[in-house]
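Values quoted throughout were computed directly from the atomic coordinates according to the rules given, and no laboratory measurement underlies them. Since we're looking at a predicted model, the values are computed, not measured. All Cβ positions, even for glycine, are placed from backbone atoms using ideal geometry, and neighbour counts span all protein chains on display.
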Amino acid sequence: MALLIAPEIVTAAASDLASIEAAVHCATSAASAPTTGVLAAAADEVSAAIAALFSEHGQAFQSISAQASTFQQQFVQLLSAGAASYASAEAANANPLLALINAPFLAALGRPLIGDGADGTTTVNGIGTNGGPGGILYGNGGRGGDSTRVGAQGGWGGPGGLIGNGGAGGKGGPAGVLNGVTYAAGAGGFGGRGGFLYGNGGAGGAGGFSAVAGGVGGIGGRGGDAVLFGAGGNGGAGGDADQTWQGNKPGYGGFGGAGGGIPNLWPGLFGPTGSQGNNGQPVP
């Protein structure tokens, strides 16, 4: 007979058992007053014997309560550790199989069949790369990488699969002066498109910060569109501007993405449009 262990059920059982400790403490507290607050014995032998009996029972109860509490704590710890071990083993067994399934799709199409897209990174030149697309059947798009180069736009969020959310856009690079020319801060990356069947568009990335005379904060990235069912992504916030520099201006917030509906005909029918991002603020 096969025995199936569901880690989530074991974890839930451990949480339920944790409440037993509280019940034990409540019982101990309730019994504390009547077992420790007995009046002093009178001088006769009968009273002394009764007092000794009550004292012995009270001490025994307190000892048993402490042992029960310790045992319960150890049992919950062992159960929780067991659930974590099972979950780790399941993940270890699933990853090689999933990698084997996804390998031909990654080689042919550049995206997995099932699984989230990889997050973008920041290159050695300070450019944020785009997030990877989510799995063809199911998967969220990866987040766009942040840019650190002057005036560079943040990486775009990756699109979701058939079902999945678009990735968020990366942050734009800062404003700066190159070869005597002042460049505005980079715009935030666009949010990734939501899944074709269901999925929310990714949020646009924040515009870059401006700390240079005559500079401008970056424009927030546009939120990703939903396709059929899902909400459009919110636009990214505009970049702030350091007011210690003369003529420095904050950037505008990005537009929200279209909600799900009938593409190019009736957007927003099956999902709300994303909100526009907040404009950047002058900061001291």
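Which order do the peptides 269-278, 235-244 take when ranked by the mean count of other beta-carbon atoms within 10 Å per residue, highest first?
235-244, 269-278
Taking the mean number of other Cβ atoms within 10 Å as a proxy for protection, how do you rank 175-185, 152-162 from highest to lowest?
My ranking of the peptides, most packed first, is 152-162, 175-185.
Give the calculated FRET efficiency between Q74 and L106 to the nearest 0.05, with a Förster radius of 45 Å applied to their Cβ-Cβ distance.
FRET efficiency, Q74 to L106: 0.45.
Say a paramagnetic label sat at a point 7 Å from the Cα of I114, along Cα to Cβ; which residues of region 130-153 have their backbone N under 20 Å from it?
133-142
If packing is taken as the mean number of other Cβ atoms within 10 Å per residue, what is the order of 187-197, 108-118, highest first?
Top of the packing list down: 187-197, 108-118.
Search the structure for amide H atoms under 5 Å from the amide H of Y183, placed 1.01 Å from N in the peptide plane, and list their residues when 5 or more places away or on another chain.
Correct list: G176, V177, L178.
Tell me which residues come under 5 Å, amide H to amide H, from Y138 once H is placed; ignore anything under 5 positions away on its chain.
Here the answer is G115, L162, I163, since their amide H atoms fall under 5 Å of that of Y138.
Looking at region 165-257, what % of the alpha carbon pairs are farther apart than 16 Å?
51
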